[in-house]
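K.L.:
Before anything else, here's the structure in question.
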């Protein structure tokens, strides 16, 4: 562990878990965080970043310097090995003493005003425990990452069929991806499941939930946490908050990821109930 700040109670803490990340994407993520979370942008709200090194953290010296110039302190947590995505974030969540905590992927660019808008929204809506933003892809198209509870067919079609083969299932996918409800204008309360690439929590809500379920090594940990959040607080999709996500699905990452996806799906359905059709 290598702390660089004595900041004990920041307004916002941010955790980023890395495992041999793309250095260029990670640098972009940290640069966007520096802009969006600077003391000037957030009107003096203190921010502390926790980088969780599951292995393969590249040299981030230039990014750390940029964060420091923006008034953002940081800690690197290392030496624990590859404990998985959820358990990695839990290491950071255990140390968080902030009002809000952001779970952030290392392949997400945050728009400069996004964090300010998100924090102002949460301040104005005390019943909101978890906020998810409008998430766009590299071409600027909205990604439909708020989801209904998935059936097995939904997961198979969405994750593994090529686009041309999905046409007979378009109405199913539209329902699953909440395309009729999600847009870039309207706030939507209580979507069942939201993406783990950007999850802004009230820290006390996140601690009440004990963070992610450590039984998921990778995949479905965000589905699980989303569903459990509804038991203690409201979830909100706030499209005024915008981020860019560069991520890809399990099927595009090889057989090892497909096996992890299947193992996590089995755990998820065993916990929340099997839904075939």
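The values are calculated or read from the model by the stated rules, or taken from the named source; none is laboratory data. Given the structure is predicted, the values throughout are model-derived calculations rather than measurements. Here the Cβ positions follow ideal geometry from the backbone for every residue, glycine too, while neighbour counts run over all protein chains shown.
K.L.:
Taking the condition touching a strand residue (DSSP E or B) at 6+ places or on another chain (Cβ under 9 Å), within 13 Å of residue 106 (Cα to Cα) and modelled with pLDDT of 95 or more, does residue 52 pass?
P.N.:
Yes, satisfied.
K.L.:
I need the full set of residues from region 246-274 which are at pLDDT 90 or above, buried (at least 16 other Cβ atoms within 10 Å of the Cβ) and not in a helix (DSSP H, G or I), in order please.
P.N.:
If the condition is that a residue be at pLDDT 90 or above, buried (at least 16 other Cβ atoms within 10 Å of the Cβ) and not in a helix (DSSP H, G or I), then 246 is the only one that fits.
K.L.:
When you scan region 98-213 for helices (runs of 4 or more DSSP H) that lie fully inside it, which ones turn up with 1 or more residues that are at pLDDT 95 or above and within 18 Å of the chain's Cα centre (by Cα)?
P.N.:
The helices (runs of 4 or more DSSP H) meeting that bar are 114-124, 203-208.
K.L.:
Still on this model: I'd like to verify a number: residues in region 214-224 that are in a helix (DSSP H, G or I) and either without any contact (Cβ under 8 Å) to a residue 60 or more places away in the chain or within 15 Å of residue 125 (Cβ to Cβ) (or both), how many?
P.N.:
2
K.L.:
Hey, another quick one. When residue 165 is evaluated against the numbered criteria (1) closer than 14 Å to residue 103 by Cα; (2) surrounded by fewer than 17 Cβ atoms within 10 Å (Cβ to Cβ), which criterion, by number, is the only one it fails?
P.N.:
Going through the list (1) closer than 14 Å to residue 103 by Cα; (2) surrounded by fewer than 17 Cβ atoms within 10 Å (Cβ to Cβ), residue 165 breaks only (1).
K.L.:
Give me the residue from region 8-51 that is part of a strand (DSSP E or B) and in contact with a helix residue (DSSP H, G or I) (Cβ under 6 Å, 6 or more places away or on another chain) and, out of that set, farthest from residue 93 (Cα to Cα).
P.N.:
17
K.L.:
Please list, ordered by first then second residue, the pairs with beta carbon atoms under 9 Å, 6 or more apart or interchain, first in region 110-122 and at negative phi, second at pLDDT below 95 and surrounded by fewer than 20 Cβ atoms within 10 Å (Cβ to Cβ).
P.N.:
Pairs that qualify, where the first residue is at negative phi and the partner is at pLDDT below 95 and surrounded by fewer than 20 Cβ atoms within 10 Å (Cβ to Cβ), are 116/43.
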